[in-house]
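In what follows, a structure is listed as structure tokens, so that the remarks can point back to it.
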Amino acid sequence: MIECLPFGPGQWSVRVLNSIGIVRVGELQLVVEPKIPLPHVLHLFERSGSFPRLDVERASLESAETLWPLVAAAYLSSLECLIRAGLASGYQEARADLRSARGRIITATTATALMKGRVALQCEFEDFSVDTALNRVLKAAAERVAMSGNLSWDLRRRAARVIQHLEGISELRPLDLVTARPERHTSRYVLPLQLARHVLDSTGRAVEAGLEAGFGFLIRTPEMVEEALRRTVASALEGLTEVTKETLALRGSHHSLTPDLAFGSLAVGDVKYKVWAGDWDRADLYQLVAFATGFRVNAGLRVGFTPEPHGRADIHVGKIQLSTCDWVYSGLEPHEAEERFVQEIRAWWKQVGAESARVRPSA
């Protein structure tokens with residue numbers, strides 16, 4: 001996710017790939033900002049279904065330099081609510097040397113101990129405690145927040161106080177992130193666990209030897225933005241056409257065509273987490289033409305972002321008409337931008353339907 005290349009004597013070029021967040025090494029701190037305003041990014045993240053809603057005050061949202069303080073604050077709030085409601089306990093497999101039998105006695109180990117003069121029964125049993133995979137994940141995420149030098153002292157101190165209420169919970173185990181799944185009786189864990197996974201998946205420290213300790217909180221953006229816009233487009237055209245993501249294998253090759261948007265049998269589309277530069281990007285143009293040709297449709301749509309409305313930028317490549325519908329983010333609240341975007345999508349689809357009816361041969 002981070003690319004470092006020499007850039008002259010004593011200088012480096014640092015490039016963070018497809019992510020937003022923060023990276024810190026010693027006194028050096030790099031803030032990786034999104035291409036569009038943070039409120040719009042958060043709105044799209046929530047719309048994707050892969051990121052929980054962050055109930056933060058508007059003032060906090062506007063003053064936050066990066067996504068990391070918002071995620072950390074939201075996680076601590078959800079964890080505090082969970083602790084007040086009570087942590088769930090569960091049965092966990094345990095093994096220990098006991099004075100009296102409990103569960104299943106490990107015969108070979110116990111006999112060896114007796115021959116060495118140590119009177120103890122090694123037993124395997126189930127212990128009912130708060131030391132569960134769910135709670136270990138939550139504690140590990142709280143520890144990441146408490147140790148982050150990129151957060152304010154108040155947030156870190158708040159995390160330390162929360163950790164004090166997690167006594168009896170051991171360190172994170174290798175399989176905990178796989179086995180930690182809320183069930184019906186632990187449904188209150190859904191939100192804090194989802195946020196905890198974002199904290200753990202997006203933070204990391206270097207494992208290589210170095211002079212300074214490193215820290216990073218980076219969240220990949222393209223996948224969530226793509227899914228959010230696909231869901232928004234599908235919702236806008238609900239009842240008119242099905243919007244999916246499809247793959248077409250190319251004969252005689254290992255290559256395939258996978259447009260982000262497939263509008264039934266009439267059109268294809270591609271989502272670009274890019275800001276409209278005033279004209280079509282040549283690579284984007286060729287890609288969309290290839291998608292339309294492969295799926296044998298005459299309409300292609302490029303979906304992206306723009307600070308100001310620029311009107312439709314329709315072009316024709318042979319019989320294929322390519323259009324643009326962009327999310328306008330300057331001067332608009334996220335929900336207002338979504339409403340405007342939905343109207344553009346519906347207008348474009350109406351045009352596609354009209355063109356399809358015009359070129360359809362009569363019976």
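The values are calculated or read from the model by the stated rules, or taken from the named source; none is laboratory data. All of these numbers come straight from a predicted model, not from anything done at the bench. Backbone-built Cβ (ideal geometry, glycine too); neighbour counts: all protein chains shown. With ligands, DNA and RNA removed, areas are computed over all heavy atoms of the protein, side chains included. Shrake-Rupley method; radii C 1.70, N 1.55, O 1.52, S 1.80 Å.
Within segment 2-16, residues that are part of a loop (DSSP other than H, G, I, E, B) reach partners that are open to solvent by less than 80 Å² (accessible area, probe 1.4 Å) and of a type outside the set (Phe, Trp, Tyr) with beta carbons closer than 6 Å, at six or more positions or on different chains, in the pairs Phe7/Ser13. Of all the listed residues (His185, His198, His165), the sole one being touching a residue at least 60 places away in the same chain (Cβ under 8 Å), crowded, with 17+ Cβ neighbours inside 10 Å and not aliphatic (A, V, I, L, M) is His198. When the criteria are applied in full, Val225 fails the requirement of being open to solvent by less than 10 Å² (accessible area, probe 1.4 Å) and part of a strand (DSSP E or B).
Out of segment 85-122, which residues are in contact (Cβ under 8 Å) with a residue 24 or more places away in the chain and touching an Asp or Glu at 6+ places or on another chain (Cβ under 8 Å)?
Here is the first cut: in segment 85-122, the ones in contact (Cβ under 8 Å) with a residue 24 or more places away in the chain are 85, 87-98, 121-122.
Once the filter is applied, which keeps residues that are in contact (Cβ under 8 Å) with a residue 24 or more places away in the chain and touching an Asp or Glu at 6+ places or on another chain (Cβ under 8 Å), segment 85-122 yields Tyr91, Gln92, Glu93, Ala94, Arg95, Leu121, Gln122.
Every condition in (1) open to solvent by 50 Å² or more (accessible area, probe 1.4 Å); (2) touching a Phe, Trp or Tyr at 6+ places or on another chain (Cβ under 8 Å); (3) not hydrophobic (A, V, I, L, M, F, W, C) is met by Ser235 except one, and the failing one is (2).
Can you say whether Ala363 is aliphatic (A, V, I, L, M) and at pLDDT 95 or above, as far as the supplied structure shows? Write out each step before concluding.
Working: aliphatic (A, V, I, L, M): yes; at pLDDT 95 or above: no.
The answer is no for Ala363.
Screening Glu80, Glu27, Glu62 for residues that are at pLDDT 90 or above and acidic (Asp, Glu) leaves exactly one candidate, Glu80. The number of residues in segment 17-39 that are in contact (Cβ under 8 Å) with a residue 24 or more places away in the chain and under 22 Å from the mean Cα position of the chain (by Cα) comes to 16. If you check Gly311, Gly278, Gly331, Gly353 for being modelled with pLDDT under 95 and in contact with a His (Cβ under 8 Å, 6 or more places away or on another chain), only one passes: Gly278.
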